[in-house]
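The values are calculated or read from the model by the stated rules, or taken from the named source; none is laboratory data. Just so you know, these numbers come straight off a predicted model, no measurement behind them. Here Cβ is always computed from backbone atoms with ideal geometry, including for glycine, and neighbour counts include all displayed protein chains.
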Amino acid sequence: MIEASCHCGSVRFAVEAAPGDVNDCNCSICRRYGTLWAYYQRPQVRFAVGNGPTDNYVWGHRVVEFHRCRTCGCVTHWSAVDRSYQRMGVNARLMPPEVLAAIPVSHFDGAAM
């Protein structure tokens with residue numbers, strides 16, 4: 001079990017296993033957020049009971065919501081606006097450093113889209 005949290009600990013989540021790789025996207029929002037995305041199916045991510053609230057941001061084609069901790073501002077995850085879409089991304093930079101260090105990074109040219 002891998003546990004992760006925002007800086008202040010208000011938003012916590014866990015996944016059963018480390019991702020096979022993480023995605024470093026250079027689109028206009030991801031490069032500003034500085035995230036590394038790990039992808040899971042929605043049921044594979046367990047958010048802690050009693051998590052603090054998140055603010056979300058939706059832009060462009062309005063298909064993805066980016067969530068951040070309302071207290072410390074860390075970007076925690078994204079989810080599809082259409083809840084039938086089960087894939088989501090969690091910010092792997094919130095995982096323990098020793099877990100993240102062992103995961104290969106793939107680069108996605110989101111700026112070209």
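Kindly indicate the residue of region 78-88 that is free of Cβ contacts under 8 Å to residues at least 24 places away in the same chain and aliphatic (A, V, I, L, M) and also nearest to Q41 (Cα to Cα) among those meeting that condition. Steps first, please.
Kept after step one, since they are free of Cβ contacts under 8 Å to residues at least 24 places away in the same chain, are these residues of region 78-88: 80-85.
Filter once more, keeping what is aliphatic (A, V, I, L, M): 80-81.
Working: A80: 11, V81: 15 Å.
My answer is A80.
Looking at region 47-88, what strands (runs of 3 or more DSSP E) fall wholly within it and have at least 2 residues that are surrounded by 19 or more Cβ atoms within 10 Å (Cβ to Cβ) and in contact with a Ser or Thr (Cβ under 6 Å, 6 or more places away or on another chain)?
Working: elements: 54-58, 64-69, 75-80.
Here the list reads 64-69.
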Revision key, fill the gap. Sole miss for A102 among (1) under 15 Å from V15 (Cβ atoms); (2) touching a helix residue (DSSP H, G or I) at 6+ places or on another chain (Cβ under 9 Å); (3) among the aliphatic types (A, V, I, L, M) is condition (2)
Check your understanding: Is region 36-43 home to any residue that is within 12 Å of the chain's Cα centre (by Cα), of a type in the set (K, R) and assigned to a strand (DSSP E or B)?
Key -> no
Review point. Just a yes or no: is a residue in region 1-15 surrounded by 15 or more Cβ atoms within 10 Å (Cβ to Cβ), assigned to a loop (DSSP other than H, G, I, E, B), of a type in the set (G, A, S) and modelled with pLDDT of 95 or more?
Key: yes
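Condition check: closer than 18 Å to G9 by Cβ and hydroxyl-bearing (S, T, Y). Does T35 satisfy that? Step through it out loud before you land on a result.
Working: closer than 18 Å to G9 by Cβ: no; hydroxyl-bearing (S, T, Y): yes.
In short, no.
With the requirement that a residue be under 15 Å from the mean Cα position of the chain (by Cα) and surrounded by fewer than 21 Cβ atoms within 10 Å (Cβ to Cβ), what does region 89-98 give you?
Residues of region 89-98 that are under 15 Å from the mean Cα position of the chain (by Cα), as a first pass: 89-96.
Residues satisfying the conditions are R93, P96.
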Review point. Got at least one residue in region 60-77 being free of Cβ contacts under 8 Å to residues at least 24 places away in the same chain, farther than 15 Å from G89 by Cα and β-branched (V, I, T)?
Key: no
Review point. Of all the residues that make up region 16-35, how many are more than 21 Å from Q86 (Cβ to Cβ), in a loop (DSSP other than H, G, I, E, B) and without any contact (Cβ under 8 Å) to a residue 40 or more places away in the chain?
Key: 1
Review point. In region 52-69, what residues are of a type outside the set (A, V, I, L, M) and within 15 Å of the chain's Cα centre (by Cα)?
Key: T54, D55, N56, Y57, E65, F66, H67, R68, C69
Check your understanding: Looking at region 89-113, which of its residues are closer than 17 Å to R42 by Cβ and part of a helix (DSSP H, G or I)?
Key -> A92
